[in-house]
Amino acid sequence: MILQLSNFEFFYGILTFFAVIISIILGIIIAQKYLKVKKIEFLLVGLTWIFLSSPYWSDAIQFITITFFGFQINTAVYFFIANAFIAPIHIVWIIALIKFIFHKQKKTLLIIFSAEAIIFEVFFLVNFFIDPNLIGTQMSAFVVEWALWMQIYLLVSIVLFLLTGFIFARQSLKSENRELSVKGWFLIFAIICFTVATLIDVIGAEAPTEITIFFARTFLIVSSIFFYIGFTLPRFIKELIIKS
C-alpha cells in the first residue's frame, strides 16, 4: 500500500525537513572552522548542533520516504533515530564547554554528564531491544506519544542545554571585547529560541497543529542561524554591528 501525506502532514514534514537541513548545514560550517583554526572546540560545538537536531531526523526522513517512495519507516527505526543520539551529545557538549570555560570543573562535569548519558543510553537500548513500545506509541506518521521517562529525559536535556548555554554565553557578555560580547548575545538568543522550539514540540507532541508546528520550526531555524553567528561571527555581521 502506497502512503500519502495529508495537507497537515505535508506542512509538518516539509517544515521539519528544512529545519533539519539548515541545522545540519550550519553545524557542519561551524565544525569546519576546526580545519582553519585547529581548535577542537569548534568541531565539538558543530557536532553538538548537528546532533541537537537528531530528535527531528526521524520526521525528516519520514517525510522523504512517504513523499517520494510511498512508505513509512519502521517504528523501531523511527524511535532509534529520534532518541539514540541525545545522551551522547551531552558528553560532546560538556567537553566543548570544558575546553572553553569549565577548566577547573573538568573532572566533576565529565563524571556527571558521562554517568547520566551512559545510564540513559543503556536504559534506552535495553527497552529498545526488549520492546520499542516501551519507548513510545506511534499515533501517526509524525505523532508519537512518548513514554513518561522519555518525556522527562527530553525536558532534562532542554534544561541542561539551557543552563550550560547561558553560563557560557554569560562569560562572553562579561568580556570587554566587543566581538565576544556580540557573540554572547547571539548565543543567548539561540539558546532561548531552541528552548522555545523544543518546549513547544514536547508539550504539544500528541496534538500538534499548524500554528504550533509553524512556530516550533521557525524558532528552531532561527536558533540555528543565531548559534552559527554566535560561534563564527561572519564578517558582514561584524561590520554591521560592531563597526556601527
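Read-outs throughout are calculated quantities, based only on the coordinates presented, and are distinct from any laboratory measurement. Note that the structure is a prediction, hence the values are computed from the model and not measured. With ideal geometry, Cβ positions are generated from the backbone for all residues, glycine too; neighbour counts draw on all protein chains shown.
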Dipole-positive endmost among 196, 12, 240 within region 7-241 (Cβ charges, Cα centre): 240
Per-q log10 I(q)/I(0), region 137-244, q = 0.10, 0.18, 0.22 Å⁻¹ (Debye; single scatterer per alpha-carbon; no solvent): -0.37, -0.88, -1.11
Neighbour net charge for residue 86 - beta-carbon separation under 14 angstrom, K R +1, D E -1: -3
Mean projected area (nm²) of the alpha-carbon convex hull when region 22-146 is viewed from all directions: 9.0 nm²
Label-point separation, residue 159 to residue 73 (7 Å along Cα→Cβ), nm: 2.9 nm
Count of lysine pairs in the chain with Cα separation under 23 Å (8 or more residues apart, or interchain): 28
Relative pair counts by distance (%), Cα atoms of the chain, 10 Å bins: 7, 30, 35, 20, 7, 1, 0
Positive-end residue, region 7-241 charge dipole about Cα centroid, Cβ charges, pick of 67, 50, 94: 94
Using distinct alpha-carbon pairs, which all enter the 1/r mean, Kirkwood radius of region 195-238 in Å: 11.5 Å
Global geometry of region 158-209, whether rounded, prolate or oblate, following the gyration tensor of its Cα atoms and the 1.5 cut on a/c: prolate
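State to the nearest 20 debye the size of the charge dipole of the chain about its Cα centre, where the only charges are +1 on K and R beta carbons and -1 on D and E beta carbons.
Using only the charged Cβ atoms, the result is roughly 1540 debye.
Can you list the trypsin sites (Lys or Arg not before Pro) in region 185-244 that are in a DSSP coil and have 13 or fewer other beta carbons within 10 angstrom?
Answer by residue number: 243.
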Degrees separating the helix 86-100 axis from the principal Cα axis of the chain, which is the longest one: 0 degrees
Kirkwood hydrodynamic radius of region 1-51, Cα pairs, Å: 12.5 Å
